[in-house]
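Here's the structure we're looking at; comments come further down.
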Amino acid sequence: MTNEVSIEQQTQHDIQKLDGVVDYLIEKYPNIVTKDTREGYSGVMIDRNHLVDVATTMRDELGYNYLSSATAVDYVGVSEPDSDMEMVYHAYRISGGGALVFKTQAPRDNPVIPSLVDVYPASDFQEREAYDLYGIQFAGHPNLKRILLWEGFHGHPMRKDWKEAYYEEETKPFGSRWPGGQVHRSEEMNPYGKNVKYPDDFDLSRLRDISEESIYSGLGLGVDVQSLGGDGMKTDRLIVNMGPHHPSTHGVFRMVITLNGETIETLEPVMGYLHRNHEKIGERNTYLHNMPFTDRLDYLSSMGNNVGYALAIEQLMAKGSRYTPVPYRAEVIRVLMMELTRIVNHLWSIGFLLNDLGAFFTPMLYANNEREKILDFFEAVAGSRLMCNYMRFGGIFKDLPDRIKSVMNMVNDRIRDFDTMEYLTDIITERLPRFLDEYEYYLNQNEIIRARCIGVGVLPPDMAVAYGAVGPLLRGSGIGYDVRRAEPYSIYPELDFDIPVGVQGDIYDRYTVRMREMRESLRILRQILPRLEATKGQEVWAGGKQGAYSPRIPIGESYGRVENPKGELGYYVVSAGDPKGTQNPWRYHVRAPSFTNLTALGAMSKGHKVADVVTILGSIDIVLGETDR
Amino acid sequence: MYGQGIFKGLVVTFKHLINTYVDDLRYGWRKYSKDTDNFETRQGPKSRGSFTVQYPDEKIAVPERFRFVPFLVVEDDDHPDRPGHDWCTSCGICAKVCPPQCIWIIRSEDPVTKRPVPEPEAFFIDIDICMNCGYCAEFCPFDAIKMDHDYEMASYDRTTTHIHDKEKLSKPFSYWKRIAPTTAYEEMEARGGWEHIDVIKAKKKLANAEAKKAATPIPVAEAVATDAPPVEVKEELSADERKAKREAALARKRTKEQGEGGE
């Protein structure tokens, strides 16, 4: 606080405003910090040699202590040849407000950029990802190795000149589909094994060693165990691989754990087993094509994923002249869906946390019973239970149906028929509150849960902010940061709700935060119901008609973020190239909460027993579809 | 007292155990008979206890908007003018809007003039690639491709059976009307009739021409209004106006038919 006062006295710039911050930085670092003046862009451009200096100023003097997203863009062919690799950072104040976007550029053939891990530990995994996918060398990064791909992988797949195995054309729609569409199966044209490229100097017989070596390096093996023992029992150091097929990891996730006896010394997450280069697919796709792909990220909360992507594209569309905002009813339905999704996700995550604690599937199924009712609603409205694909740019797919009604089609089909509003009112005002009461009565005082959760996996608030933790993980540590409040979107400003926070930052706090968040969601939903009644029959598409199937999006950048159940989900989308607007995104980046939350896993697990790792991981609540992308 | 929390939990578990049998007590054997009305209660928001379904002896019927691998709409076999005719005009919008690009279309050509004919020569969907997003059905301007409700598509060999051709994809229009009555009705209202939109347009055109021939001094405004494509007009009209317009169109059609009969 004293810092800020002194700056206010030094300069005339109002650093509470984003413009003031930018002016202050430009004044303090002349010729190093410049305004990003490209059309449709915002924020500042920083000379890469002084990046760490400027970032430290931002964090310490200006209060931008929360790094949300760090990602790279390959501007080959669009910008100057010596500056076509760009790193984009989005930093926020933990007290709320808009993003300070800062960028730095490097030549493509020698992309060396100083690492920001010391300033923002949150950039650790994200820089590794940028190194993996773009080949950017981060000078000073303590552990710079591939994170999503394996060590022997040839090339950096997100670079624009990299072609995937079943490459057909630069962008969709492919010309071979119509009017002369000769059907073929990709795997027949390019049978398995023929699509793998190795570096020239690659020794296939060493294939296994390479990837394993890199994982085990830096884990402190080869230490004289006799000297470690202390005076108690002699213990041995042991490396345990938990996963990728361990049932507690909720998917294909692996933790390389160094144990001293049964105590964890180091823990390193190894991921990428479900990697499919979602972002490269996203760049081949048109803007609209990406919508159903976002369902597949966090497949438990696809409605929230849809909204985040729609927000990012709507921000870009708003840069154009012919933009109409989303109609009110569509916003109401979006919030309805997002809050129901939050309940769906938290029911699942609490159920699984209890599974990890050993309450095998009984509480899980009780939660699933309620979840089922919401999924039935999703199915009737959007057409699918999990892969909803419901949001569109400027609206939603279709208004709510009058009745949730099934039709007899197959043998032994049993039909159901409910009034939509009655159904919603039933589950929101009666069924779910009753269930939450019962669930809390069932679990909150349970001695086993309390013994296993309280004081385990503690994440102190300062560390949570530094590591860029989001969602219930951050709020469990006592930081009341929620995108719905910090940078409101949709109709959240007019809704009345609280942000639950924990006190100690342990597993039990995360569990109670989730429980209370479900209650807050119900509170929001109870405010949504009268709004749904009031807006009945109103338009759900911007401009009153269905959007185009291949919209032309104005050039520029945008970062759309939503508070997904698992935390802040951000989409960084760049439209570049044709000044009249583009049909395919130049860059499509997903800043996934499950991915960044894992940064803190190692620190949280240190010193605990091996059985606790399972619960700590369960309390973060990751989905591998989103972690690996 | 230590252990109280666990005891409370066991009470809840016991309640759930009892609830599992409540349905059995309430409905008895009727729960398992084919024509029950209690399914809706057991699988609705007011249900208590067991929520499982004895698949495949009982299946939860899917809602109207449910989407699975698409099918192509063709005219019914008993259609008077064009039985079995494709609704698809091979415009290619579905192939372009398909996110995983799993639709292949070959457009028909007139053998003599080499000009495209609004009808697909071949139509393939690779159902292994299809991600059931529903875009093809959503953006088809002719209501010719729709999402199916038949989800039991397992087969023993994916390499030979999973590329569906036109024959396998085609299903009659009456099937669509049966599985999605509400949606089909909404689409009918938007088109202005149960026929394919091209047929409706052609009939309208014919009616206009007839009307022009019959009575030359037509008010200009009306002629413009009827010449405009119906798709654009409908969006500006409210339900009542649309209804009035449809009735007017039907009336015109009737007079035209009578006129033809008279000649």
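Test A:LEU274 against the criterion of being surrounded by 24 or more Cβ atoms within 10 Å (Cβ to Cβ) and on the phi < 0 side of the Ramachandran plot, and give yes or no. Steps first, answer last, please.
Working: surrounded by 24 or more Cβ atoms within 10 Å (Cβ to Cβ): no; on the phi < 0 side of the Ramachandran plot: yes.
Against the criterion (surrounded by 24 or more Cβ atoms within 10 Å (Cβ to Cβ) and on the phi < 0 side of the Ramachandran plot), A:LEU274 does not qualify.
Name the helices (runs of 4 or more DSSP H) wholly within segment A:370-466 that hold at least 1 residues that are within 7 Å of another protein chain (Cβ to nearest Cβ), within 30 Å of A:ALA611 (Cβ to Cβ) and modelled with pLDDT under 90?
Numbers: elements: A:420-425, A:432-443, A:447-453, A:461-466.
By residue number, A:432-443, A:447-453.
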Within segment B:53-72, of all residues that are surrounded by fewer than 21 Cβ atoms within 10 Å (Cβ to Cβ) and within 30 Å of A:TYR167 (Cβ to Cβ), the one farthest from the other protein chains (Cβ to nearest Cβ) is B:VAL69
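Quick check on this structure: which one of B:ASP157, B:ASP126 is farther than 29 Å from A:ILE415 by Cβ and within 10 Å of chain A (Cβ to nearest Cβ)? Please lay out each step first, then the result.
Numbers: B:ASP157 fails: within 10 Å of chain A (Cβ to nearest Cβ).
Criteria check complete, one pass: B:ASP126.
Condition check ((1) under 29 Å from A:ILE479 (Cβ atoms); (2) in contact with a helix residue (DSSP H, G or I) (Cβ under 9 Å, 6 or more places away or on another chain); (3) free of Cβ contacts under 8 Å to residues at least 60 places away in the same chain; (4) in the same structural domain as A:ARG48 (by TED's automatic domain parsing)) across all residues:
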site	(1), (2), (3), (4)
A:THR71	yes, yes, no, yes
A:TYR75	no, yes, no, yes
A:TYR89	yes, yes, yes, yes
A:ILE94	yes, yes, no, yes
A:ALA99	yes, yes, no, yes
A:GLU127	yes, no, yes, yes
A:TYR134	no, no, no, yes
A:LYS145	no, yes, no, no
A:PHE153	no, yes, yes, no
Picked from segment A:539-553 (must be outside any loop (DSSP other than H, G, I, E, B) and surrounded by 14 or more Cβ atoms within 10 Å (Cβ to Cβ)), the residue modelled with the highest pLDDT is A:ILE553
- Query: Hey, any hits in segment A:519-533 for a residue that's at pLDDT below 90 and either of a type in the set (A, V, I, L, M, F, W, C) or under 30 Å from A:SER123 (Cα atoms) (or both)?
  - Reply: no
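Within segment B:129-147, how many residues turn out to be within 29 Å of B:ILE200 (Cβ to Cβ) and facing chain A (nearest Cβ under 9 Å)?
Step one: list which residues in segment B:129-147 are within 29 Å of B:ILE200 (Cβ to Cβ), which gives B:133-147.
Of the ones still in play, those that are also facing chain A (nearest Cβ under 9 Å) are B:133-135, B:138-139, B:147.
The qualifying residues number 6.
What number of residues within segment A:561-607 satisfy the criterion of being outside any helix (DSSP H, G or I) and either acidic (Asp, Glu) or under 30 Å from A:ARG510 (Cα atoms) (or both)?
If we filter segment A:561-607 for residues that are outside any helix (DSSP H, G or I), which is where we start, we get A:561-592, A:606-607.
Next cut, either acidic (Asp, Glu) or under 30 Å from A:ARG510 (Cα atoms) (or both) only: A:561-572, A:578, A:589-592, A:606-607.
Result for segment A:561-607: 19.
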Of the candidates A:SER123, A:SER69, the one satisfying the condition of being in contact with a His (Cβ under 7 Å, 6 or more places away or on another chain), closer than 27 Å to A:ILE499 by Cβ and either of a type in the set (Lys, Arg) or buried (at least 23 other Cβ atoms within 10 Å of the Cβ) (or both) is A:SER69
Exercise. Would a scan of segment A:353-367 turn up a residue that is among the acidic types (Asp, Glu), at pLDDT below 90, assigned by TED's automatic domain parsing to the domain that holds A:LEU336 and within 30 Å of the chain's Cα centre (by Cα)?
Worked result: yes
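Identify all residues within segment B:73-101 that are assigned to a loop (DSSP other than H, G, I, E, B), at the interface with chain A (Cβ under 9 Å from one of its Cβ atoms) and at negative phi; write none if there are none. If you could, list the steps in order and put the result at the bottom.
Looking only at segment B:73-101, we keep the residues that are assigned to a loop (DSSP other than H, G, I, E, B), and these are B:75-85, B:87-92, B:98-101.
Now narrow it down to the ones that are at the interface with chain A (Cβ under 9 Å from one of its Cβ atoms): B:90-92, B:98-101.
Within segment B:73-101, B:CYS91, B:CYS98, B:PRO99, B:PRO100 qualify.
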Restricting attention to segment B:1-29, the residues that are touching an Asp or Glu at 6+ places or on another chain (Cβ under 9 Å) and more than 10 Å from every other protein chain (Cβ to nearest Cβ) number exactly 0
Scanning segment A:169-186 residue by residue, the ones that are more than 8 Å from chain B (Cβ to nearest Cβ) and either in contact with a helix residue (DSSP H, G or I) (Cβ under 9 Å, 6 or more places away or on another chain) or in contact (Cβ under 8 Å) with a residue 60 or more places away in the chain (or both) total 3
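The values are calculated or read from the model by the stated rules, or taken from the named source; none is laboratory data. All values derive from a computational prediction rather than experimental measurement. Heads up, the Cβs are rebuilt from the backbone with ideal geometry, glycines too, and the neighbour counts pull from every protein chain shown.
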